[in-house]
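Engineer: Submitted below is the structure of interest, expressed as structure tokens.
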Amino acid sequence: MILFLLGISGFLFLLYMYIEAHRNRVRFQSVKVDKLPSSFNHFKIFFISDIHKRTIQEEIIEKIGKADIVLIGGDLVEKGVKMNRVQNNLKMLSKIGPVYFVWGNNDYDVDIDELQKVLMEEGTLILDNSFITLIKGDGAVDFVGVNDTSLRKDRLQDAVAQCTSSCRILISHNPVIINKIKKEHGICLVLSGHTHGGQIRLGPFGIAKKGGWYDYKSYQLLISNGFGATHLPLRLGAPCESHLITLSKK
């Protein structure tokens with residue numbers, strides 16, 4: 001009887017972790033950004049990272065509606081993911097707003113030429129150690145994307161070299177990019193993922209830094225738990241998430 005109850009408890013616990021890894025959770029967050037132009041007040045960013053094997057469902061679109069920009073923070077795919085799933089995910093995300101992508105380490109587990117082709121076909125712009133400038137009214141914001149740091153493909157200095165805006169938002173799959181940020185880079189906000197928040201945590205203990213917002217002297221850092229999971233499709237103490245971030249001026 002005791003073994004039976006333990007077996008049932010174990011099954012229910014695993015089921016709970018599986019459900020936690022497959023929720024369509026959107027965090028609605030407001031962030032005050034230093035040097036944000038007044039014309040960008042209430043600008044909405046949908047940020048999603050670490051999709052891996054998951055599919056973007058209509059429920060996500062219904063929760064969000066529209067955003068001014070969609071940023072994919074790397075690990076759009078992993079080994080074994082079919083390109084038709086990637087294509088469908090991009091189609092869904094494009095319903096929210098214009099889509100931009102930065103490379104993560106697992107994106108290199110597939111044929112990158114094929115992945116680039118799909119990204120281009122779906123109108124997704126790749127920020128590969130480069131930037132785009134968005135202009136609203138008399139204000140401008142630079143969105144800077146760097147390639148993956150763990151594979152040593154990041155070139156932050158090159159990415160910001162031609163930036164002219166005083167407000168620069170950095171998208172990096174891996175949050176360790178903060179070790180390379182200098183004051184002269186003019187970064188106001190950093191959006192990252194990669195760690196999955198540890199994916200399975202026991203209270204305060206996990207194999208990676210807990211997801212959340214971290215305030216540094218000259219910028220704020222978001223480490224997202226990510227939308228998907230890797231290795232095991234299970235989560236505990238680090239719920240899957242995506243983010244609708246509304247910017248406001250400090």
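Taken together, the values in this text are just the output of simple stated rules run on the coordinates, not laboratory data. Keep in mind the model is a prediction, meaning the values are calculated, not measured. Heads up, the Cβs are rebuilt from the backbone with ideal geometry, glycines too, and the neighbour counts pull from every protein chain shown.
Engineer: For the range 116-205, what log10 I(q)/I(0) values come out of the Debye formula at q = 0.20 1/Å, with one point per alpha carbon and no solvent?
Structural biologist: Evaluating at q = 0.20 Å⁻¹ gives log10 I(q)/I(0) of -0.97.
Engineer: Order of I181, I132 from fewest to most other C-beta atoms within 10 Å?
Structural biologist: Numbers: I181 19, I132 14.
By the 10 Å Cβ count, ascending, the order reads I132, I181.
Engineer: A follow-up question, please. For the range 41-51, take each phi angle, set θ = phi - 60°, evaluate the Karplus expression 6.51 cos²θ - 1.76 cosθ + 1.60, and give the result in whole Hz per residue in order, putting x for glycine and proline.
Structural biologist: 3J(HN,Hα) across the range 41-51, in whole Hz: 4, 6, 5, 10, 10, 9, 10, 9, 10, 6, 6.
Engineer: Under a 10 Å cutoff between Cα atoms, tell me which one of F47, F131, F205 has the largest fluctuation in the Gaussian network model of the chain.
Structural biologist: In the Gaussian network model the winner is F205.
Engineer: Mind telling me which of M92, M120, M83 comes out most flexible in a GNM of the chain, alpha-carbon contacts under 10 Å?
Structural biologist: Greatest mean-square fluctuation among the candidates belongs to M120.
Engineer: Let me ask something else about it. What list of whole percents do you get for P(r) of the range 2-249, with Cα-Cα distances grouped in 5 Å bins up to the one holding the largest distance?
Structural biologist: Histogramming the range 2-249 at 5 Å steps yields 1, 6, 14, 18, 20, 17, 12, 6, 3, 2, 1, 1, 0, 0 percent.
Engineer: A further question on this structure: Under a GNM of the chain (C-alpha, springs under 10 Å), which listed residue has the highest mean-square fluctuation: Y216, Y18, Y100?
Structural biologist: So, out of Y216, Y18, Y100, the one fluctuating most is Y216.
Engineer: So in the chain, what percent of DSSP beta bridges are antiparallel if you round to the nearest 5?
Structural biologist: 35 percent
Engineer: If you plug each phi of the range 19-32 into the Karplus form 6.51 cos²θ - 1.76 cosθ + 1.60 with θ = phi - 60°, what whole-Hz ³J(HN,Hα) values come out, in order, with x for Gly and Pro?
Structural biologist: Values, residue by residue: 4, 4, 7, 10, 6, 9, 8, 10, 8, 9, 10, 10, 10, 8 Hz.
Engineer: Anything over 22 Å Cα to Cα? Flag those among K180/K217; K136/K180; K35/K182, in the order listed. List each step's numbers first, then the result.
Structural biologist: Working: K180/K217 14 Å; K136/K180 29 Å; K35/K182 17 Å.
In this structure, K136/K180 exceed 22 Å between Cα atoms.
Engineer: Helix-derived [θ] at 222 nm for the chain: sum -39500 (n - 2.57) over DSSP H runs of at least 4, divide by residue count, nearest 500?
Structural biologist: Rounded to the nearest 500, it is -6500 deg cm²/dmol.
Engineer: Further question on the same structure: Compute the helix-to-body angle for 112-121: its Cα long axis versus the longest principal axis of the chain, expressed 0 to 90° and rounded to tens.
Structural biologist: Here the helix axis deviates by roughly 70 degrees.
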